[in-house]
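Chemist: Below is the structure I would like to discuss, written out as structure tokens.
Where a number appears in this text, it was derived from the coordinates with a stated rule and is not lab data. As the structure is a computational prediction, the values presented were derived from the model and not from experiment. Cβ sites come from the backbone with ideal geometry, for glycine too, and all protein chains shown count toward neighbours.
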Amino acid sequence: MSSLFFPILVFLFLVLFAGLLFLTNKKRHRISAHDQKQLQAEWQRALNELSINPKGSVLEADKLLDHALTLKGYSGTLGEKLKKANAVFSSINDVWRAHKLRNRIAHELNIHISQGEANQALSYFKKALQDLGIII
């Protein structure tokens, strides 16, 4: 009987440790009500900018997604965060399309994007934020 005591004790310890790790991770990835309101306000600013400055609107939406992923516990550049969070998104290819447009805006001289292109990118960013559980 005493030969079973140690393996059972180790098993119980591992179950307890895994449970604590799960709960800690779950809590870390929850977005607070305050952060949710801030994200909603920033999203509204990005939308308001769309008709005036389509490029600026895409840049702001990209920054917003980056911030939301940080709040969810992901680290690194936005590209690294997207790779880590790949399974969270219903259409990772659309998220990458929107982010690549942002990169073109940030790095290419005299780039012109239409309001339609910006609107499409914003719809991809919106879906990505919703996939993260952000109510927009």
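Chemist: List, in order, the whole-Hz ³J(HN,Hα) value for each residue of region 66-82 obtained from phi through the Karplus relation with A = 6.51, B = -1.76, C = 1.60 and θ = phi - 60°; use x for Gly and Pro.
Modeler: 3J(HN,Hα) across region 66-82, in whole Hz: 4, 5, 4, 5, 5, 4, 7, x, 8, 10, x, 6, 4, x, 5, 5, 4.
Chemist: Still on this structure, please answer the following. Could you work out the local net charge near Ser75, counting Lys and Arg as +1, Asp and Glu as -1, over the other residues with Cβ closer than 9 Å to its Cβ?
Modeler: Here the charged neighbours net out to +1.
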